[in-house]
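The values are calculated or read from the model by the stated rules, or taken from the named source; none is laboratory data. Keep in mind that what you see is a predicted model, and the values were worked out from it rather than measured. FYI the Cβ positions are ideal-geometry reconstructions off the backbone, even for glycines, and counts take in every protein chain you see.
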Amino acid sequence: MKLHINHKKILGDLYTPIEIYLKLRDKFSNSFLLENSSNHSRENSCSYICFEPIMSYIVDAKHTTVQTLEQTTTYPTADIDVLEQLQAFIKGIDVENITVYEQLKAGIYGYTSYDSIPLVHDIQFKPADTTLPLMQYHFFKYVIVYDHYKNELHLVEYTTANETSQLDKIHSYLNTNSITPYPFKAIDSPSTPYTDDEFLDIIRRGKEHCFRGDVFQLVLSRKYKQGFTGDEFNVYRALRSINPSPYLFYFDYGSFKIFGSSPEAQVVVKDNKAYVNPIAGTFRKTEDKAQNELLTQKLLDDPKENAEHVMLVDLARNDLSITGNEVTVEQYKTVEQYSHVIHLVSKVSASVDMERDSLKVFTDTFPAGTLSGAPKHKAMELIDKYEPENRGFYGGTIGFITLDGGINHAIFIRSALSYQNEIHYQAGCGIVTKSDDLSELKEIENKLSAITQAISEAQNI
């Protein structure tokens, strides 16, 4: 069944993405928000508000459910190739005038969790401790695109031949003043499966594997959970203010929500090129500009941080070379500063056939080496051995896939899951032979400080 794009452009100076989302979320369940606040360049200058899903692809441990406009089909997950089935789902979405608005490409939005790795790679993990879907992607009837660069708002609607457009009605919702605020309150203190001493022991075991040559690097993580009542969207609002990042998102799945401010892309595929941006090498940022300049130079000179970064750039090159050609390191060890940390960042690219190979590249680069270590397979086996609980979403990937094969996915870091009145969040440290145990423990605290601060400040919104 063909879908037709209806489009309406309006001036965006009276709106913000947060305002639009709050006006629509009570009218449309399962609404998504993806933000990018950049207004300095044409690239990556749009935010998206998506609502009313009309097609879906949902994978859990036992069943995979594909809902199209015509029918809903369920397969045993063990009997299918989940990425081939995802490719078929994307190919089955037929948009009649897809090229009319090039900057508003149609696509699906969702996530692939870390726990889905055994579905796409030859490895086994211990049984998951939740029943949440491992992968989930939706095609939405309505997408509002906020173009920060041009200060324009694009209202996009997908209709079948017999449907009447509702864009004027959607526009009227944006012009109401009705936003109902709800409070947020944290309950008790955050908890973690192990004490500092227990985690330090795990770090030491990780270093032993590095010394033995089992792995060159191993990323071990620590999980926390925080009870709460009220509206966790306030935590997202605080987080995006405290830690503005290239990938800001809030996805409402009804029974659970995922949100975050991720600094790192999993993979970007566009114009027949694939990009990976390894982030490895981390120092805590201060409030003193001169001190941060000294820390930046110290980070660039630090042998442990540099060894870790070089290793992960090489891993990105190897991952992209599996399917891509002309692999190039376009940027090397650039320093980027965020609200609480200073990172070393590189950019690696490869030429690919976007329409044919996008999902293959997606698999080749998943999970990101910055979240597993190297070699990946052995590192993931050790992660499953030493981390007491499954990672769930942490280290997975979230974003969108366009119908022509474009991909833009962030790594699920500096991010959280809200489920059954608990906020779950996690961070890791890259263990190498030169690692200092206490410094690695501190690195996790530094990475989590934006989320813990956001939880605290959300109670005052």
Exercise. Looking only at residues in the stretch 438-456 that are within 18 Å of Leu218 (Cβ to Cβ) and in contact (Cβ under 8 Å) with a residue 40 or more places away in the chain, which one is farthest from the chain's Cα centre (by Cα)?
Worked result: Leu438
Problem set entry | Selected residue (only one of Tyr253, Tyr247 is out of contact with any Lys or Arg (no Cβ under 8 Å at 6 or more places or on another chain), of a type in the set (Phe, Trp, Tyr) and closer than 24 Å to Val313 by Cβ) | Tyr247
Seminar exercise, completed: Going through the stretch 116-158 in order, the residues found to be over 30 Å from Asn6 (Cα atoms), buried (at least 16 other Cβ atoms within 10 Å of the Cβ) and not hydroxyl-bearing (Ser, Thr, Tyr) are Ile117, Leu119, Val120, Phe125, Ala128, Leu132, Pro133, Leu134
For this session: Report whether or not Ser165 is in contact with an Asp or Glu (Cβ under 7 Å, 6 or more places away or on another chain) and farther than 30 Å from Ala454 by Cα.
Result: yes
Exercise. Which residue, of Ser261, Ser191, is within 20 Å of His424 (Cα to Cα), loosely packed, with under 14 Cβ neighbours inside 10 Å and of a type in the set (S, T, N, Q)?
Worked result: Ser191
Exercise. Any residue at all in the stretch 319-333 that is over 30 Å from His424 (Cβ atoms), of a type outside the set (A, V, I, L, M, F, W, C), in a helix (DSSP H, G or I) and out of contact with any His (no Cβ under 8 Å at 6 or more places or on another chain)?
Worked result: yes
Problem set entry | Scope the stretch 148-164; condition of a type in the set (S, T, N, Q) and under 17 Å from Leu69 (Cβ atoms); matching residues | Thr159, Thr160, Asn162, Thr164
For this session: Please state which of the following conditions Ser241 fails to meet, knowing it meets all the rest: (1) closer than 24 Å to Ile20 by Cα; (2) surrounded by 17 or more Cβ atoms within 10 Å (Cβ to Cβ); (3) among the small types (Gly, Ala, Ser).
Result: (2)
Exercise. Across the stretch 218-245, what is the total count of residues that are modelled with pLDDT under 95 and within 12 Å of Thr452 (Cβ to Cβ)?
Worked result: 2
Exercise. So Ile123 clears everything in (1) in contact with a His (Cβ under 7 Å, 6 or more places away or on another chain); (2) not assigned by the TED database to the domain that holds Phe28 except one condition, right? Which one?
Worked result: (2)
Problem set entry | Leu403 farther than 20 Å from Val276 by Cα, over 15 Å from the mean Cα position of the chain (by Cα) and hydrophobic (A, V, I, L, M, F, W, C) | yes
For this session: Identify all residues within the stretch 212-236 that are hydroxyl-bearing (Ser, Thr, Tyr) and touching a Phe, Trp or Tyr at 6+ places or on another chain (Cβ under 6 Å); write none if there are none.
Result: Tyr224, Tyr236
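In the stretch 106-197, which strands (runs of 3 or more DSSP E) lie fully inside it and hold 3 or more residues that are free of Cβ contacts under 8 Å to residues at least 12 places away in the same chain?
none
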For this session: Quick one: which residue in Tyr253, Tyr275 is within 17 Å of the chain's Cα centre (by Cα), under 23 Å from Leu22 (Cβ atoms) and in contact (Cβ under 8 Å) with a residue 24 or more places away in the chain?
Result: Tyr253
For this session: May I ask you to verify whether Ser165 is polar (S, T, N, Q) and more than 27 Å from Ile401 (Cβ to Cβ)?
Result: no
For this session: Give the residues of the stretch 57-81 that are within 22 Å of the chain's Cα centre (by Cα), surrounded by 19 or more Cβ atoms within 10 Å (Cβ to Cβ) and either under 30 Å from Lys169 (Cβ atoms) or touching a residue at least 24 places away in the same chain (Cβ under 8 Å) (or both), sorted by residue number.
Result: Tyr57, Val59
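Being crowded, with 16+ Cβ neighbours inside 10 Å and closer than 30 Å to Ser31 by Cβ: is that true of Lys270 here?
yes
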Exercise. Within the bounds of the stretch 213-226, is there any residue that is surrounded by 15 or more Cβ atoms within 10 Å (Cβ to Cβ), farther than 18 Å from Glu308 by Cβ and of a type in the set (Ser, Thr, Tyr)?
Worked result: yes
Exercise. Which one of the conditions (1) more than 18 Å from the chain's Cα centre (by Cα); (2) touching a residue at least 24 places away in the same chain (Cβ under 8 Å) does Glu287 fail to meet, given that it meets all the rest?
Worked result: (2)
